[in-house]
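**Student:** Questions regarding the structure given below will be posed in turn.
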Amino acid sequence: MLVDSHCHLDFPDFDGRIGQVREAMAAQGVTHALCVSVSLAEWPKVIQLAEAHENFFASVGVHPDHDSGDAVSGADLVERARHPKVVAIGETGLDYYRQTGDTEWQRERFRAHIRAAREAGLPLIIHTRAASADTLAIMREEGAETVGGVMHCFTETQAVADAAMAMNFYISFSGIVTFRNATELKQVARRVPLERLLVETDSPYLAPVPFRGKTNQPAWVRQVAEEIARLHGTSLEAVASATTRNFFDLFRRAKIVNA
Ligand SMILES: [Zn+2]
Ligand SMILES: [Zn+2]
């Protein structure tokens, strides 16, 4: 039993393909998936996926790369988060790699998400790229620790992982950890204890080895888990059971569905 803790099945890549995606998941023992929101305009599609399928869950939030002009109101996030299939707030965070110039709007948006998560009592899904110092500082200032969450698609250093874990956060690895040149990330993945680790695909992006370059899908979270097992010198079953337990411990509103 494996869970894809982060995917974007509402993206056009999957239009008309959800049936196939679900069959492939079942064939690989991937029993649940969290459909992560990147904009409020597209959110109805995300929540519809979670409503239509018992083993799909949803988050609500606006990605740091999404249009700077789109103001995000915390009250709106909290209201949408009342939906019983919403299990987290995000993805949110900071991305200084794709956004340059004045990024104050990103920090404000991030703060609004953390406040909404605290008000809703839901964990956070955090995206950080080329911005780890500010990300950790804002998490600290806004008390992200009280709700916890996950640092998704982790590509940062051990020091950043340690700081996030100290604030009650899990570390989620994607297909990047399977890439042959990801030497440093593999070292980090080896040192994050299984009790703090999640696995994800970030579909449709970042297909793992041996599917690099293809449209990623939740079934392929298995390749990520296999790599984590190899790095930890343990079995796929041990990684699957630990990461599944972690997923349901963190996203408390998500219910296990017997597939
Ligand atoms: Zn992301
Ligand atoms: Zn994402």
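The values are calculated or read from the model by the stated rules, or taken from the named source; none is laboratory data. Nothing here was measured: the structure is a model prediction, and the numbers come from that model. Note that we place each Cβ from the backbone using ideal geometry, even for glycine, and neighbour counts take in every protein chain shown. Keep in mind that these areas ignore ligands, DNA and RNA; they rest on the heavy atoms of the full protein, side chains included. Shrake-Rupley method; radii C 1.70, N 1.55, O 1.52, S 1.80 Å.
**Student:** For residues in the range 1-59 being among the hydroxyl-bearing types (Ser, Thr, Tyr) and part of a loop (DSSP other than H, G, I, E, B), which is nearest to ligand 2 (Cβ to nearest atom)?
**Tutor:** Taking the candidates together, the pick is SER37.
**Student:** Would you tally the residues in the range 116-126 being buried (at least 18 other Cβ atoms within 10 Å of the Cβ) and assigned to a helix (DSSP H, G or I)?
**Tutor:** Qualifying residue count, the range 116-126: 4.
The rows are residues; the columns are (1) over 23 Å from SER174 (Cα atoms); (2) without any contact (Cβ under 8 Å) to a residue 60 or more places away in the chain; (3) surrounded by fewer than 17 Cβ atoms within 10 Å (Cβ to Cβ).
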site	(1), (2), (3)
ASP4	no, no, no
ASP10	no, yes, no
ASP13	no, no, yes
ARG22	no, yes, no
ALA27	no, no, yes
THR31	no, no, no
PRO44	yes, yes, yes
PHE57	no, no, no
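**Student:** Scan the range 46-55 for residues that are open to solvent by less than 30 Å² (accessible area, probe 1.4 Å) and free of Cβ contacts under 8 Å to residues at least 40 places away in the same chain and jot them down.
**Tutor:** If the condition is that a residue be open to solvent by less than 30 Å² (accessible area, probe 1.4 Å) and free of Cβ contacts under 8 Å to residues at least 40 places away in the same chain, then VAL46, ILE47, ALA50 are the ones that fit.
**Student:** Okay, moving on. With the requirement that a residue be open to solvent by 40 Å² or more (accessible area, probe 1.4 Å), more than 16 Å from ligand 1 (Cβ to nearest atom) and not polar (S, T, N, Q), what does the range 86-111 give you?
**Tutor:** If the condition is that a residue be open to solvent by 40 Å² or more (accessible area, probe 1.4 Å), more than 16 Å from ligand 1 (Cβ to nearest atom) and not polar (S, T, N, Q), then GLY101, ASP102, GLU104, TRP105, ARG107, GLU108, ARG111 are the ones that fit.
**Student:** Using beta carbons and a limit of 9 Å, which pairs, at least six apart or on different chains, have the first residue in the range 127-148 and of a type in the set (Val, Ile, Thr) and open to solvent by 20 Å² or more (accessible area, probe 1.4 Å) and the second one assigned to a loop (DSSP other than H, G, I, E, B) and within 16 Å of ligand 1 (Cβ to nearest atom)?
**Tutor:** VAL147/PRO123
**Student:** Same structure, new question: Which of the residues that make up the range 56-109 are charged (D, E, K, R) and over 24 Å from PRO218 (Cβ atoms)?
**Tutor:** Correct list: ASP67, ASP70, ASP76, GLU79, ARG82, ARG98, ASP102, GLU104, ARG107, GLU108, ARG109.
**Student:** Same structure again: What number of residues in the range 205-229 are of a type in the set (Val, Ile, Thr) and open to solvent by less than 10 Å² (accessible area, probe 1.4 Å)?
**Tutor:** Of the residues in the range 205-229, 3 are of a type in the set (Val, Ile, Thr) and open to solvent by less than 10 Å² (accessible area, probe 1.4 Å).
**Student:** Which one is nearest to ligand 2 (Cβ to nearest atom), of the residues in the range 189-204 that are open to solvent by 10 Å² or more (accessible area, probe 1.4 Å) and over 13 Å from HIS152 (Cα atoms)?
**Tutor:** PRO204
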